[in-house]
1. What order do you get for 350-360, 27-37 when each peptide is scored by the mean count of other beta carbon atoms within 10 Å, highest first?
2. When only alpha-carbon atoms are used, what values of Rg and Dmax, in angstrom, describe the range 1-142?
3. So what is the relative contact order of the chain, in percent, for Cα pairs below 8 Å that sit 6 or more residues apart?
4. Restricting things to alpha carbons, tell me how big the chain is in terms of Rg and Dmax, in Å.
5. Could you sort 318-325, 107-114, 75-82, 13-20 so that the peptide with the highest average Cβ count within 10 Å comes first and the rest follow in order?
6. Taking just the alpha-carbon atoms of the range 96-293, what radius of gyration and Dmax come out, in angstrom?
7. Using only Cα atoms and rounding to the nearest 10 degrees, what angle (0 to 90) does helix 179-188 make with the longest principal axis of the chain?
8. Tell me the Kirkwood hydrodynamic radius of the range 34-101 in angstroms, computed as one over the mean inverse distance between distinct C-alpha pairs.
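Derivation of every value follows stated rules applied to the coordinates shown; laboratory data play no part. Values in this document were obtained by computation on a predicted structure and should not be read as measured data. Cβ sites come from the backbone with ideal geometry, for glycine too, and all protein chains shown count toward neighbours.
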């Protein structure tokens, strides 16, 4: 069957083991489309000293496309006009999202709200009231559909604009008790999944889910959280992305308030009302949210790398992660050459990328 949009080729590349968001973006930027990038993989991996990554099986991709279409969902790629523009600013932005619902909700200002799964009744009530108030101001609320605060946030914003990011396939439900709410979000709001259909909610998927929650919003509000929790991970991802971090204070006697109080001590904005949130992120301008200039652009790569340049970059790498900017400075060669060598090493399975634009040899 003809595939004029290159959807199947893109998915084969994205679903390949060993090709992450940065590498995918660089391949598309260099070769123009996924089909040409796929053809070039053996050559690039050979230059990096290894074997090319194994692409996803075409039959598996055909099944994914059929499942997505059958569910009334669709794939939104990072260069599509309705991909969340704020999320696209992240270097680690997912190359594709599977969505059900109204993508226009992320063309509006958006605030993420996260918190404890075992939240108190008061914490859930306050989260719900904040979500209602944000909706009245035309702000979408983004959360993770988990128990506790997430559920309250979606319930409060279901009538005005709610966005749920799940850590499983678009055809899976988690937690089970939120099955009706998840379907309601897909019908009246927006449901997002990075993982392909059929994927169960494994522990390793939740941190990556959290980066989408933080990345799709102008700020993140934490309502009750333990010091070591996914909510604080989301807050720190938001801070690293230059987004506003806000927290609701609580009693020092309640362990569920310790994470929020810690964030406030570290400089997060104290939130006691919707006005506090709006003041922290103003001006909220939908035109800025949809600005095409805000989309992340991958670092350039080149086909012109000689053996001495490749060796110079490789010799600077080791098992300890190092910032790419530091590699460029020490190698004293063009950034495009350094990025090309890193691309070849990663495709050969010899390089690992870490948070904060750092890399190390495997």
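1. 27-37, 350-360
2. Rg and Dmax of the range 1-142, Cα atoms, are 19.3, 59 Å.
3. Computed value for the chain: 18 percent relative contact order.
4. 21.2, 64
5. Listed from highest to lowest mean packing, they are 107-114, 13-20, 75-82, 318-325.
6. Here Rg and the maximum Cα pair distance are 15.2, 47 Å.
7. Rounded to the nearest ten degrees, it is 80.
8. When all Cα pairs of the range 34-101 are included, the Kirkwood radius is 14.4 Å.
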